[in-house]
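Report on the structure given below.
What follows draws every value from the coordinates through simple rules; no lab data is involved. Here the structure is a predicted model, which is why all the values come from computation and not from measurement. Every residue, glycine among them, receives a Cβ derived from its backbone with ideal geometry; neighbour counts consider all protein chains shown.
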Amino acid sequence: ATFAYSGAYQTWVVPAGITSATVTVKGAQGGSGNANAAAIGGNGAVVTGTLATTPGQSLYVYVGGAGGNGTTAAGAAGWNGGGAANKWTSWTGGGGGGGSDIRTTVGDFASRLIVAGGGGGAGGESTNSWGTGGIGGAPNGGSGSNSSGYGGTQSAGGASTTWSPAGTFGVGATGYSN
């Protein structure tokens, strides 16, 4: 089965006779900033694993949404945990991409069986070449360049920097605004 982004969770019922499933989960890309063409959003993680399953079991598939690009407004957060961007004067950053995961319980982070983090949104300021968003990763996300936030882990959001607040478990940080 293949699941595309829909903005809501999707249900997969394990077919009869299937006791394991090999899955590939891809996090969404972060959005680009508006003032620096080189500052693009980070790619989401790609994670492959084998899950133990029970025939007839319902698994809930969350496919993350891409972070919005910074335009005249700050980039929106990607669905399923991406962080929103902010606007500073005329520069706007891209929103963080949402993570993708498979869960046993709707809405419960603790029931996730496999997760692929979303990519970080890019900065939007042009004169200092504010950098690209960090890549989503496993077990840890990558840090963005040039004073961007640090990558999150499997149990916590990314640490803060001078320019960005820390993320929280399952949700990316909101971008810095002056």
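For the criterion of being in contact with an Asp or Glu (Cβ under 9 Å, 6 or more places away or on another chain) and either under 19 Å from I114 (Cα atoms) or touching a residue at least 24 places away in the same chain (Cβ under 8 Å) (or both), V46 fails.
One line per residue, one yes/no per condition, for (1) touching a residue at least 60 places away in the same chain (Cβ under 8 Å); (2) buried (at least 20 other Cβ atoms within 10 Å of the Cβ):
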position: T11; (1), (2): no, no
position: P15; (1), (2): no, no
position: I18; (1), (2): no, no
position: T22; (1), (2): no, no
position: Q29; (1), (2): yes, yes
position: P55; (1), (2): no, no
position: V61; (1), (2): no, no
position: G70; (1), (2): no, yes
